[in-house]
Structure formats: C-alpha cells, structure tokens
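This report refers to the structure that appears directly beneath it.
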Amino acid sequence: MGNNLGDLQIIIGGAAGEGSKKAGLLIGKLFNSYGFRVFIHEDYESVIKGGHNFSQISVSRECKDVIEEKIDFLLALNKEAVLKHKEKLKKEGVLIYDFGAIDEDFSEEGGSVIKIPLKEIVDEAEGIPLMKNTALVSAFSKIIGMEWDRVSEVLKRELPVATEKNLEVAEVAFEKTEKIEEVEEGGGNQPLPLLSGNQAVAMGALEAGLECYYAYPMTPSTGVLQFLAKVEGVRTFQPESEIAVVNAALGSAYAGKRTMIGSSGGGFALMTEGISFSAQSEIPLCVVLSQRMGPATGVPTYQAQADLLFALNAGHGDMMRFVVAPGDADEAYYLANKALNIAWKYQMPAIILLDKELSENTYGVKKDFDLEKEEIVREEKGEDYNRYEGEDVSPLIFPGGEATVKVTGYEHDKKGVATEKAEEIKAMHEKRIRKYEKLKEELREEETVKTYKEGSTAIIFWGSTKGTVLEATKEMDVKLIQPLVVQPFPEEKIKEALRETERVVCVEANATGQMTKVLKEKGVFVDKKILKYDGRPFTVEELRKELEK
Amino acid sequence: MDNLILPTKNTWCPGCGNFGIQNVLREVISQNDREKTVLVTGIGCHGKIADYFNVNSFYSLHGRAIPSAVGIKMGNEELQVICSVGDGDAYNEGIAHLIHAAKRNSNITVVVHNNRVFALTVKQATSTSPKEFVGSTTPKGGVEEPINPMDVMLSTGASFVARGYVGKPEQLTRIISEGVKHRGFSFIEVLQPCVAWLNTYESYNEKTYEMEEEFLPLQEAREKAREWDYNNGGEIPLGVFYREEKPTIEEQVGEVSFVDTKEILEKSK
Ligand SMILES: Cc1ncc(C[n+]2csc(CCOP(=O)(O)OP(=O)(O)O)c2C)c(N)n1
Ligand code: SF4
Ligand SMILES: [Mg+2]
C-alpha cells in the first residue's frame, strides 16, 4: 500500500448495538474534514441486538456516490465482521480488528493485519464497553496518519453525550496505535455537509417553509421524523397510525400549516384514501414515500424500487398528483423543496419517491442551487368567499377570519357543499384537470429529465441507482437519461433525448421492470432491462458486466 | 337571524334526531366566535350537518373526522374545533382515533350522533346496536354484544365525558356548551333516534334520566357509565359524568418558528 492515500473503500462492521453505524459516520466526517468526498452505504438487519451491521465508506477526491466490491480497510468489531467481509479485501488491503473480542489470530492468513486491544484501551480510560467504536475510529485515524488535533475536534463535535470520556478513550487509542500511512488533504476540497437522503428531504422541505411533519415509524422513512424531531421550530407528531397521519396532515394544512408526512410502502398503502381526499378537497399534501423490499412486510431494511407504479396510481378516482424521484441527496434536497412548493401552489398531492439506499446512505451535499419558499398570494376574502371558485387554482384562505372556508371529500359546488348535479360534477373534474394542465405547463420550463453524455445506446435509470450508473459507464459511450419528475411523466423530453439513439436499456431495482412498463405506456420501448431484486444495491462491477453483455 | 344556516336542501328524514343536534349546535355556535369555529364531520347521515351550517367546515372521510380535527387544532390552536361524528364513524371505523385523541387530551370537542345504526348505508348494525338488532346484513339479528363507549372513554383518559339526548334539548345545550368550553378532550355522546331504522324515541323517553350529581370521581363515573349496557336493559343516565383538568397535547408539542437551515448545514459538515 502506497504512502499517499487516495480513493479508499472502508468497511466497518459489528453486531447490531455495537455502534458501527455511528463509527462509520465518524470516519466519514474525519475524511470530510480533510477535504475528501465521502459516501456511506448502510447495511443492517432488522434486529436490535446481535445480527450484523456494517457501513461502507467510500472516500475519494472527486464526488462519486458508489461503493466498490473490493475494499482497502476492514474494521471489525466482532468476528462475524471479519468472516463476512475479509474476502473483499484487496491484496494490499488491511484488516484491523478488535483483539480481545475476537480471540482468533487472523495474521496467519497473510495480508496486513493490525490487532487493536479495544477492551484494554477502554478499560485504561475507564470508559464503558459501548465506547469501543470510538476507540476503533481513533486508532484507525492514527494508522492512516491523521493528526490528533483534527481528530479530536471532529469527535468533540460528533459525540455530544459523554464527550469527555469518549475523548479520553479516543486519546488512549490514538497513543497506543502506530502510524502507518500518510493521509493528505483531499485535493483542496472544502468539507461538505454530510446528509442522508432522508435528511436532505427534510432540509429541502424546510427551505420551502415546512412547519409540521407527521409520521408513524417505518423503515426506511423514519429518519425524516427522527431528524426533524430535533429541529427547533418544526412541529413533529407521531399519531396512532398512518391513517391518522394523513388525516391529521390534511387538517393542519387546512388550518394553514405547511405540512409533510412520510412512510414506506405499507404505511403509504394505509394513507391512500387520504391522498385521494387531498386531490378532491384540494388541500395541499406532501408525502415522502421511501421504498423498501416488498411485497407486504417484505425485507424491511433492504433495497427496492418497486413502488413506482403504486406511487403513480395510489388513490381512488380520477386524481392528479405530482411525483418526483431524486437520485442523490442533492436532488432529494432540491426536489423535496419543489414538491412541497407545488403541493401548495397547485393545492394537490405531491409525492417524493425515495428508496432505502437514498434514504439511509450518507452523501456530501454540494447544494449548487438556490431554493425558496413559494409564497402563496393570499387575497383578502370576505363572507362571499367560495373555497372552490375560479377556473383552475382557487384562492387559498385559511379558517379563522371573515371568510367561511368549507372543504369536503364529496364532489361539491364552488362553496364546498356536496353536489350530485351532473353539470357541477363535470365542471369540478374539469377544474381539477385544468389545474394539472397548468402544472404541466410550468414544468415544461423545468429540468424534469436529466441527461448525461452521448452515445447510440441510451440507459434510462431513476432513483438511487444514479451513482452506480454514472460510475459504471464512465468509460462507455452511452447516453444516460434520468427522469426526475415521474408524474406528470415527461415522455416528450425523454423521446427528444432518445432521438439519436438506437438502443434503450433500463436499469432499476425491482423484479418486474416497473419503469419499463411506464415507458411502454408512453410509447418508449426498452430493448433490455437490467433488474436487481435481492435487496442489495447494484455494484459498479456488476452493472458494468451487465451493460457489456 | 344568526345567518348560521345555509340555504342547502336538507335531506334528513322528517323527525330525525339530527335536527335536534343541529338546533343545539346552532345555539352553541351562536354563543361562540363563529369565525373561529370549525365543524369537522365524518361520513353518514350525521355528516350532512357540514353542508347545512354556514361555518368553516371540514367534511372528512368515514371514520377520520377525529384525526382531521386533531390536525386542525395542531395547525391553529385558536380555532374552536367541534367534531360531529356518527357511531359507525367513531365507534367502528375510527375507534383507534377516538381512543388516541382522548389519550393525548387533544383540545377538541367530539359530539357523537349515536343512532346505534349505520343509517346512510341503509340499516346495518354498529358497535352500539343492541345485540338482537335486525339489520339489512343481519336478517336474523346480530350475534355480537355492543361496546360501552362511555366506559371506553373514561378508561382511556378523556378529560370530559358526557351523555345527552335530543329529547332533552336544554340539558343537551348545557352539556355541549360546557364541553366546548372545557380545555381538553371533550367527549359527548348524544342519543339520536333514527326514525327510519331504529326509532328509539319512546324507549329513551321512558328510560333516560338526568343525573342529580354530575362530575363524579373516576371510579364512580365508570360505574355510572355501566348502568346502561346499550342493549335494552337498564336506566340511561344523562349528564356530565366526569371532568378533569390536565395538559393538552397542543400546549406540549413544539412551537412553530423560523428554522435556520444554514446553521443545520454548517453543523452537518
Ligand atoms: C371507508 C369507507 N367505508 C365505508 C363507507 C360507506 N359508509 C358511508 S356512511 C357509512 C355508515 C355511517 O354510519 P354512522 O357513522 O353511524 O352514520 P349515520 O349514517 O348513522 O349518521 C358507511 C359504512 C365509506 N363512505 N367509506
Ligand atoms: S335515516 Fe335515520 S339518521 Fe338518516 S336522516 Fe333518516 S332518520 Fe335521520
Ligand atoms: Mg349511526
């Protein structure tokens, strides 16, 4: 292994409850402070104690949101972590493990092995066993040549609980470990905010004026609620069910609060009647739907992109909605902002479609865009106000003033009183359709589809596969097409992008090719589907092989 | 003229108990700030009340009026939120919401139009129909015992629990007024005869009585609640069974205020 560290793949693993995730984030933050670009992939089982968790940290000079199959460092908190991942080590890779917790001596198997006596270290500093992860991170930072001042600064910031004790443990670990490598500044980059996709969604919504966030816990969407619950100034609420979540959100939005809700497939299924209510009552509703492997309970903590058709069709009746599918944290930030704004501007449901990988992986956020809150022009309205007046988007007034505000899930007249009259029913449908046409018009000017590079083969992908697709095709002459908005579906822009291409490949993480189906319905035919449905994200090597076939 | 009733065509059956509730609510709303009042309803005959009142209204889904109301109160605490729900609505489809709104002491008033039948869907048994009730889907009579919602509310933390009867409008007006004034979750069950499917006027006139002592200690209130089992036995006590002052959810959840996203981004480096 050379003395100057460049791109690195690091796995840190242990039993659930040993804190490998926190340790992974600490390692990411350390490299971030050295100006490297960082991406962290999380893998964990649906168990609380025991089981196997690991984080894979991808460190590079340029941004690339992927993990690779071969790794440079394996940091093991228990034996299972060694056994599960040691085959992934490159020839010159280094195994670092907790000597004490693991009584086997792996140094006999060849390759570089560093044994760290974590228990001894923690005991010496009079810490508690849970601090072994801090010790391992600190030891690792010494091995790769980081400076104590900078390491301690990051640890101080990131370990708010028992900070002093953690620092003592870290210091002992740092002193007792030998320096082997020489880490450099990461190409002069400024450190970036490190956010998971869930956190990026929350941030984008906050910049659109988010005031309330309601959710019922469900992996992988729970991170949004956990994050926002810590933000002063946002009202968070965890009601009795997803049905309560959606209906409470409709109530709060009616009362005037910008509200967002979130869940995964199962909880989203329970929300669908409320989503339909949002369309009919024209109450703004913004929903985060983070996909995980289904059907039913499926594989709760593993990846899938199999709720696309569901998101596009959820809700009974002829209803219109806005659906976005970001591919990384920056896009999640931007599109969540857009979704909340559109829900309010057009008074309709908007869905932010994430997946487990995007929701829970950690990205460096560049944020090279400006965001704002779409202010709703609110005219003064008096007693003669009709909630559903006008040709398309009605003036939005909240209850509490002179105007009487009547909303309903029944078909209604312009006042908001139920109707069964044929001409009124037809007119209200047409009003809502005109609203949707207006939205389509606005989106014509927007980047609803991203394209990258040129080539006679086009690869269409969506969601978190983005990082892997970009990396796997680096050396290929192909055209990449990524729809960001999936309803209203941007078929015109996709057809335009395909004009000079001969072959279309579609990459997605589901078993039946859901995007392929959507494309077909819109007259875009896919020649080859590359699908993955084992709960794991595509790796670069794997995708490259498939593409070369 | 209080200008509280819209010219909408009223489609309740002549003699329906809902008229009685409408009159009482009209009285209560006219004593309150009309502009700050929001009427939230479920789906059923009772729900039509939203279309009849010239006040802010949120005509929710079947069973979901209560979570909508909780959300409205969370969204703007200054609003006076009154829910008109059915028994099918609140005791069948949405009972989890009823229990949790009571548990968290949401500062809303829930008025149950309890006709002990799914009326709008043409005569089916609800959770409070008498066991032997012959409905359109139970032609031989039911097999399930009714639940006792008063007892359920008393044991899940409701801070104001009362029962009224449309045949005793003065008492009912007082009860609902007090319920609306109460700071916390107010549960008011109203016995509402349905002349089409379960005409209970005669039996209620005979069996209901106004409690002499109200605002009972919890255990006594629960015993009182069990006096009537929602089958056809027993006397039916009316009045405010229980009242308690305690913090509401709205005063305990965080305030909405400006969020500095730049600072959060800086911290996440
Ligand atoms: C989700 C759902 N399920 C079923 C219905 C059909 N439905 C409409 S009203 C009603 C029963 C209403 O009973 P209740 O709440 O007691 O009201 P009432 O008509 O007696 O006033 C039902 C089952 C519906 N609208 N929505
Ligand atoms: S069916 Fe019953 S509840 Fe409905 S309007 Fe007629 S009497 Fe009233
Ligand atoms: Mg009923």
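Structural remarks
- Residue ID - farthest from B:F160 (Cα to Cα), chosen from residues in the range B:197-222 that are within 16 Å of ligand 2 (Cβ to nearest atom) and in a loop (DSSP other than H, G, I, E, B): B:W197
- Scanning the range A:397-407 for residues that are facing another protein chain (nearest Cβ under 7 Å) and under 14 Å from B:I72 (Cα atoms) yields A:P399, A:G400, A:V405, A:K406, A:V407.
- The criterion of at least 2 residues that are among the charged types (D, E, K, R) is met, among strands (runs of 3 or more DSSP E) falling completely within the range A:23-116, by A:37-43, A:89-98.
- Candidate set: the range B:51-71, residues that are within 16 Å of ligand 3 (Cβ to nearest atom) and more than 7 Å from every other protein chain (Cβ to nearest Cβ); chosen: the one surrounded by the fewest Cβ atoms within 10 Å (Cβ to Cβ): B:H62
- Test: residue in the range B:27-40 that is open to solvent by less than 40 Å² (accessible area, probe 1.4 Å), part of a helix (DSSP H, G or I) and away from ligand 2 (no atom under 12 Å from the Cβ): yes
- Inter-residue pairs, beta-carbon under 6 Å, first under 14 Å from A:H412 (Cβ atoms) and in the range B:42-71, second part of a helix (DSSP H, G or I) and away from ligand 2 (no atom under 14 Å from the Cβ), 6+ apart: B:S57/B:A50; B:F58/A:Y254; B:F58/B:S68; B:Y59/B:A50; B:S60/B:S68
- Counting only helices (runs of 4 or more DSSP H) that fall entirely inside the range B:48-117 and contain at least 2 residues that are under 27 Å from A:M260 (Cβ atoms) and touching a Gly at 6+ places or on another chain (Cβ under 7 Å), the qualifying elements are B:65-75, B:95-103.
- The test for being aliphatic (A, V, I, L, M), within 30 Å of B:D89 (Cα to Cα) and modelled with pLDDT of 95 or more does not hold for A:A173.
- Single match in B:V253, B:V240, B:V180 (criterion: within 30 Å of A:E372 (Cα to Cα) and away from ligand 1 (no atom under 16 Å from the Cβ)): B:V253
- In the range B:189-208, the residues that are open to solvent by less than 10 Å² (accessible area, probe 1.4 Å) and aromatic (F, W, Y) reach residues that are within 12 Å of ligand 2 (Cβ to nearest atom) and modelled with pLDDT of 95 or more with C-beta atoms within less than 7 angstrom, at least six apart or across chains, in these pairs: B:Y204/B:P193.
- Per-region count, the range B:142-196, residues within 16 Å of ligand 2 (Cβ to nearest atom) and either more than 18 Å from B:V85 (Cβ to Cβ) or within 12 Å of the chain's Cα centre (by Cα) (or both): 7
- Residue match in the range B:211-220 (condition: closer than 30 Å to A:F237 by Cβ, touching a strand residue (DSSP E or B) at 6+ places or on another chain (Cβ under 8 Å) and at pLDDT 95 or above): yes
- Under the condition of being buried (at least 21 other Cβ atoms within 10 Å of the Cβ), at the interface with chain B (Cβ under 9 Å from one of its Cβ atoms) and not hydroxyl-bearing (S, T, Y), the residues counted in the range A:266-281 number 2.
- Number of the exception - A:Y44 against (1) over 19 Å from A:L155 (Cα atoms); (2) surrounded by 23 or more Cβ atoms within 10 Å (Cβ to Cβ): (2)
- Number of the condition not met by B:F241 [criteria: (1) away from chain A (no Cβ under 14 Å); (2) open to solvent by less than 60 Å² (accessible area, probe 1.4 Å); (3) part of a loop (DSSP other than H, G, I, E, B)]: (3)
- B:Q171 more than 16 Å from ligand 1 (Cβ to nearest atom) and on the phi < 0 side of the Ramachandran plot: yes
- The single condition among (1) assigned to a loop (DSSP other than H, G, I, E, B); (2) open to solvent by 20 Å² or more (accessible area, probe 1.4 Å); (3) over 28 Å from B:V134 (Cα atoms); (4) more than 14 Å from every other protein chain (Cβ to nearest Cβ) that B:G167 does not meet is (3).
- Only one entry of A:S221, A:S241, A:S263 meets the criterion of being over 18 Å from the mean Cα position of the chain (by Cα) and either in contact (Cβ under 8 Å) with a residue 24 or more places away in the chain or more than 9 Å from chain B (Cβ to nearest Cβ) (or both), and that entry is A:S241.
The values are calculated or read from the model by the stated rules, or taken from the named source; none is laboratory data. Quantities reported herein were computed from a predicted structural model and do not represent experimental measurements. Cβ: placed from backbone, ideal geometry, glycine included. Neighbour counts: every protein chain shown. Surface accessibility is based on the protein's heavy atoms, side chains included, excluding ligands, DNA and RNA. Shrake-Rupley method; radii C 1.70, N 1.55, O 1.52, S 1.80 Å.
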